[in-house]
Amino acid sequence: MGSYTHMVGNRTYRFGDLRDLMAKATPERSGDHLAGLAAASAEERVAAQMALAQLPLRTFLNEMVVPYESDEVTRLIIDRHDPIAFEPIASLTVGDFRNWLLSNNVDEYVLASVAGGITPEMAAAVCKIMRNQDLILVARKCRVVTRFRNTIGLAQRLSTRLQRNHPTDSASGIAAGIFDGLLYGSGDAVIGVNPAGDNVPQIVKIVSMLDEIISGFSIPTQSCVLTHVTNTIAAIERGAPVDLVFQSIAGTEAANASFGINLKLLDEARQAALSLRRGTVGNNVMYFETGQGSALSANANHGVDQQTCEARSYAVAREFQPLLVNSVVGFIGPEYLYDGKQIIRAGLEDHFCAKLLGLPMGCDICYTNHAEADQNDMDVLLTVLGAAGCTFVMGIPGSDDIMLNYQTTSFHDALYARCVLGLKPAPEFEAWLKEMGIVGTDDSWPSGTVLPPQFQNALRRLQ
């Protein structure tokens, strides 16, 4: 592993290895300062970015930021690398790669053809030398389409995760929130629940209730209970009608171990879900959440900056052909992303890197109440991610997750983004909304949010 240098004026900056260079080149964020990895000054950061721009992309195939011998995520990245897909960009430096990505002759088809040749570290590196507008422009050119009961990720579409958590897992409370979200056109990505009681019998109960709603109203969407993967496997073994398998993942083997998972377990879960054959238009059955800072919070970052660790988690996700992936961008707190500016930047980085690597990337546009951020910051991030072609966002009643105690986006926020950017739900779901009279045949939204009689009757049955 070699060192790197760059001169600014009369001063020469030295970076001990690739990890150090990548960390020092990262736009400022509190997590890298907490880890002792950040550049000491703006000048040092620029020097690192200039040195990084001159680095050949091939370097990332020869120098690992986490050792191959001791980390299964690194082994996955290297062993799955596609040299044929890499060939069109093999002669480029990181700076050349940026220019290539931004060029007019690189479109969604070219980007899809090289995705298998791009490692997460390459994506993270080029991200570090790009402006926000660059991240938006390139991500918008990436098109990643996945399917289960509907088609996610088509052009001019923005899907939503309808998330109705309840502090006591009340069936009627969950259902009321689901029907409320459906009236705003939310729920085409997934109808999900973070359970208050995280045990297998409770998981089976909630999964069955969600299936009753979806099948009872013939909603072309999928459900997911956001529990640990082992609970979902156990629920499948008990005959629960599981659609998607959820799991939080990270970018190092040690960080994943802190979540109680490894690649073998994720494969077992995917095979279990596939065996149910519940998809109607496709078989993408996995749903992953990520977030900058998770490896550092587990003391499992190996001296790697948090944005690069985050990008490495996308190699894990890519292995299992997920229907959905999203970064919970501001959930961990200001120790990792201090304020609205850092959260906005991180959201654009995560979306760009994941799309570049071929993932159906969404974002939980969120912040904790002790961060230096507010809902106006989230409005900005929602709007720019919508412009960047984000696959899906969250829809939670009132933007406030009353169980997990953080602020995110609401049903109304998602509807705003669709209206102002001219975006629509997944086509099958859009057709259902029109059939139900929730959306007019002229794409207009009826005024008011009065529950249709069939929704009211379903609520009475659940009480």
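Quick one: helix 200-216 against the long Cα principal axis of the chain, what's the angle to the nearest 10°, folded into 0 to 90?
Tilt relative to the chain: about 70 degrees.
Let's see if you can work this out: charge +1 on each Lys and Arg Cβ, -1 on each Asp and Glu Cβ, no other charges. What is the dipole magnitude of the chain about its Cα centre, in debye to the nearest 20?
Computed charge dipole of the chain: roughly 660 debye.
By accessible area of protein heavy atoms, probe 1.4 Å, what ranking do E43, E63, E237 get, highest first?
Output order, biggest surface exposure first: E237, E43, E63.
Determine the calculated [θ] at 222 nm for the chain from helices alone, applying -39500 (n - 2.57) to every DSSP H run no shorter than 4 residues and normalising by the residue count; nearest 500 deg cm²/dmol.
Value at 222 nm, helices only: -13500 deg cm²/dmol.
Could you sort S410, S218 by their accessible area in this structure, using a 1.4 Å probe and putting the largest first?
Final ranking, largest accessible area leading: S218, S410.
Considering only protein heavy atoms, what is the solvent-accessible area of S275 at a probe of 1.4 Å, reported in Å² to the nearest 10?
Roll a 1.4 Å probe over it and S275 shows about 80 Å².
Over 19 Å between C-alpha atoms is what I'm after, so list which of K141/K355; K264/K355; K205/K264 land there.
K264/K355; K205/K264
With the contact rule set at Cα under 8 Å and sequence spacing of 6 or more, what percent relative contact order holds for the chain?
Once divided by the residue count of the chain, the mean separation gives 19 percent.
If you line up the long axis of helix 42-53 against the longest principal axis of the chain, both from Cα atoms, how many degrees apart are they, to the nearest 10?
90
Which order do the peptides 374-382, 261-269 come out in when sorted by mean C-beta neighbours inside 10 angstrom, highest first?
For the peptides 374-382, 261-269, the packing ranking is 374-382, 261-269.
On a 0 to 90° scale, report how tilted helix 132-141 is relative to the longest principal axis of the chain, with both axes built from alpha carbons and the result rounded to the nearest 10.
60
For V328, V281, V110, give me the order by solvent-accessible area with a 1.4 Å probe, most accessible first, ignoring ligands, DNA and RNA.
V281, V110, V328
Given axes a ≥ b ≥ c from the Cα gyration tensor, I'd like to know whether region 1-87 is rounded (a/c under 1.5), prolate (a/b larger than b/c) or oblate.
prolate
The values are calculated or read from the model by the stated rules, or taken from the named source; none is laboratory data. Predicted model, so just to flag it, every value in this text is computed and none were measured. Because the Cβ atoms are built from the backbone with ideal geometry, glycine has one as well, and the counts that use them run over all protein chains shown. Surface areas here come from the heavy atoms of the whole protein model, side chains and all, with no ligands, DNA or RNA. Shrake-Rupley method; radii C 1.70, N 1.55, O 1.52, S 1.80 Å.
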